[in-house]
Ligand SMILES: Cc1cc2nc3c(=O)[nH]c(=O)nc-3n(C[C@H](O)[C@H](O)[C@H](O)COP(=O)(O)OP(=O)(O)OC[C@H]3O[C@@H](n4cnc5c(N)ncnc54)[C@H](O)[C@@H]3O)c2cc1C
């Protein structure tokens, strides 16, 4: 075995993955719980799904549990999604279940990739491709270039739909709204900003506000709160899972895979 065999194996496999992503059915930005669930359900149905994650580790905000305590809470109504992703949980009380945050994050990541999702870590979406009033793709770069403020030009991926699953940051919608004179599907045409904590209302609103915010651009998970002015909810994750599931349904209705 030569070292360059290792190098060739890595380069060839990575390039093959990238080639698959260049014309994706859906690009999901952010590998938190909502994006992973949406991606997993769509990949299962034969969609070519790319998830971009700017950090080294996918999983978004799951890993920290609540204030570093390593469990998160999920409402009973979302346990079907845990079952679909083969994630164990324990019943707690008041219609809630407890999940080990590390099992939860690693389980979602593993099952999403097993269902066929193509996840790129250390890769950020820095802008969108927009043609004739419709989002048709993403502009991507290596996160290390961004973190180190290096003048490295980006590459692009095309997609039938792009999803902002970037959590509190709502990075995709925020940048899109700032750079372009566009009217979003919100009461003011702009992102409304997230409100203080109110778990019950927030959980319902995350699912309700999972929507197409501009032709070809969808929002799910916590970014819906920032875009539609919802409340935050802390370490309860049922809404994120249900939002991902709802998004997958919206996208199945909105676009057929390139391969069909
Ligand atoms: C790192 C982190 C730690 C958190 N810790 C806690 C906590 O300890 N307690 C708590 O109550 N809540 C925490 N939260 C918030 C809570 O976990 C979220 O409300 C929940 O995880 C939201 O799920 P989501 O699917 O909307 O996306 P998130 O879990 O927020 O994931 C969004 C992902 O998008 C990625 N991303 C953002 N912008 C881009 C971009 N331009 N290109 C590519 N990727 C991008 C982020 O790196 C992140 O991994 C945290 C969130 C994050 C991101």
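Values quoted throughout were computed directly from the atomic coordinates according to the rules given, and no laboratory measurement underlies them. It should be emphasised that the depicted structure is a prediction, and the values quoted were computed from it without experimental measurement. Positions of Cβ are generated from backbone atoms using ideal geometry, with glycine treated the same way; all protein chains shown enter the neighbour counts.
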### Summary
When residue 48 is run through (1) buried (at least 18 other Cβ atoms within 10 Å of the Cβ); (2) under 26 Å from residue 171 (Cα atoms); (3) within 16 Å of the ligand (Cβ to nearest atom); (4) in contact (Cβ under 8 Å) with a residue 60 or more places away in the chain, the failure sits at (3)
### Message
Here's a check for you: in region 186-208, which residue that is touching a helix residue (DSSP H, G or I) at 6+ places or on another chain (Cβ under 6 Å) and closer than 21 Å to residue 76 by Cβ is nearest to the ligand (Cβ to nearest atom)?
### Response
206
#### Entry: Set 24, 13: member being more than 10 Å from the ligand (Cβ to nearest atom), within 26 Å of residue 257 (Cβ to Cβ) and either touching a strand residue (DSSP E or B) at 6+ places or on another chain (Cβ under 8 Å) or not in a helix (DSSP H, G or I) (or both)
24
### Message
Just to check your reading of the model, which residue among 32, 39 is within 6 Å of the ligand (Cβ to nearest atom) and either farther than 15 Å from residue 221 by Cβ or touching a residue at least 40 places away in the same chain (Cβ under 8 Å) (or both)?
### Response
32
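Quick check on region 27-39: of everything there that is touching a strand residue (DSSP E or B) at 6+ places or on another chain (Cβ under 8 Å) and assigned to a helix (DSSP H, G or I), which residue is farthest from residue 120 (Cα to Cα)? First the steps, then the outcome.
As a first pass, look at region 27-39 and keep what is touching a strand residue (DSSP E or B) at 6+ places or on another chain (Cβ under 8 Å): 27-31, 35-36, 38-39.
From the residues that got through so far, the ones that are assigned to a helix (DSSP H, G or I) too are 35-36, 38-39.
Values: 35: 13, 36: 12, 38: 16, 39: 13 Å.
Out of the qualifying residues, it is 38.
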### Task
Please enumerate the residues belonging to region 229-243 that are outside any loop (DSSP other than H, G, I, E, B) and either surrounded by fewer than 24 Cβ atoms within 10 Å (Cβ to Cβ) or within 7 Å of the ligand (Cβ to nearest atom) (or both).
231, 232, 236, 240
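Can you tell me how many residues in region 177-198 are assigned to a helix (DSSP H, G or I) and surrounded by 15 or more Cβ atoms within 10 Å (Cβ to Cβ)? Working first, answer last.
Initial filter on region 177-198 (assigned to a helix (DSSP H, G or I)): 177-179.
Applying the additional criterion that residues be surrounded by 15 or more Cβ atoms within 10 Å (Cβ to Cβ) yields 177.
Going through region 177-198 one residue at a time, the tally reaches 1.
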### Task
Please verify whether region 57-70 includes one or more residues that are in contact with a strand residue (DSSP E or B) (Cβ under 7 Å, 6 or more places away or on another chain), more than 20 Å from residue 210 (Cα to Cα) and free of Cβ contacts under 8 Å to residues at least 40 places away in the same chain.
yes
### Task
Give 211, 225 a once-over and let me know the one that is crowded, with 22+ Cβ neighbours inside 10 Å and within 15 Å of the ligand (Cβ to nearest atom).
225
### Query
Looking only at helices (runs of 4 or more DSSP H) that fall completely inside region 51-153, which ones have 3 or more residues that are within 14 Å of the ligand (Cβ to nearest atom) and crowded, with 21+ Cβ neighbours inside 10 Å?
101-114
